[in-house]
Amino acid sequence: TDLEQANSYIDRALALDPNNAWAWMRRGWARAYVGAADDGIACMERAESLSPLDPFRFNFLLGKASNYLHWKRSDANDTSKAVSLIKEAIRINPKAKWAFRMLAQAHAYGGNPAGAQGCAQELLRAYPHLTISYLKKVLPPATSFTDTLYYDYMRAAGIPEE
């Protein structure tokens, strides 16, 4: 599968350079895709510790947030951690408007409809063509299989169907 191939490349990169922050970040995302949240978070933290001033640090934060949002969810604190991490990632890289999609989902899941709607408005300003049907076409399967309500959250936030 694609994930197996990706993991083989990540393994090779880390064998060549165990201090490669980018490879640790990719390992964290790969772990997130299979529900290994604690390992995914640890990988993201390793990436961040190796390169704390990395220009792509926002991706480390979003990776950690994804693990909290999609897999941990043991209590409201995990959703709160995800929201904080996503907000920090957006603060670090305000041009990453797509991150508002994650934030909208986190707010919707956490019971903050006004926050979710505000994020959807940001998304639609940046991507006026954005619809649920478009998201279904372009997002990787991991987006929705980690949370079967994902598209319901996007609808509730105000992303139009068509």
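The values are calculated or read from the model by the stated rules, or taken from the named source; none is laboratory data. In this text, all values refer to a predicted model and were calculated from it rather than measured experimentally. With ideal geometry, Cβ positions are generated from the backbone for all residues, glycine too; neighbour counts draw on all protein chains shown. Remember, those area values only see protein heavy atoms, side chains included, never the ligands or the DNA or RNA. Shrake-Rupley method; radii C 1.70, N 1.55, O 1.52, S 1.80 Å.
Below, the figures for the structure above:
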read-out	value
Of all residues in region 90-104 being farther than 14 Å from Ile159 by Cβ and of a type in the set (Lys, Arg), the one that is most open to solvent (accessible area, probe 1.4 Å)	Lys95
Matching option when the condition is open to solvent by less than 50 Å² (accessible area, probe 1.4 Å) and not in a helix (DSSP H, G or I), among Gly35, Gly28	Gly35
Every pair of residues 6+ apart whose Cβ atoms lie under 9 Å, when the first sits in region 21-45 and is under 15 Å from Leu62 (Cβ atoms) and β-branched (Val, Ile, Thr) while the second is in a helix (DSSP H, G or I) and open to solvent by less than 50 Å² (accessible area, probe 1.4 Å)	Ile41/Gly28; Ile41/Ala32; Ile41/Gly63; Ile41/Lys64; Ile41/Asn67; Ile41/Tyr68
Unmet requirement for Ala65, which otherwise passes all of (1) open to solvent by less than 40 Å² (accessible area, probe 1.4 Å); (2) touching a Phe, Trp or Tyr at 6+ places or on another chain (Cβ under 9 Å)	(2)
Test result for Leu130, in contact with a Pro (Cβ under 9 Å, 6 or more places away or on another chain), surrounded by fewer than 21 Cβ atoms within 10 Å (Cβ to Cβ) and not acidic (Asp, Glu)	yes
Single residue of region 112-145 satisfying the filter (modelled with pLDDT under 90 and not in a helix (DSSP H, G or I)) that is farthest from Ala156 (Cα to Cα)	Pro140
Residue within region 86-108 that is in contact with an Asp or Glu (Cβ under 7 Å, 6 or more places away or on another chain), in a loop (DSSP other than H, G, I, E, B) and not small (Gly, Ala, Ser) present	yes
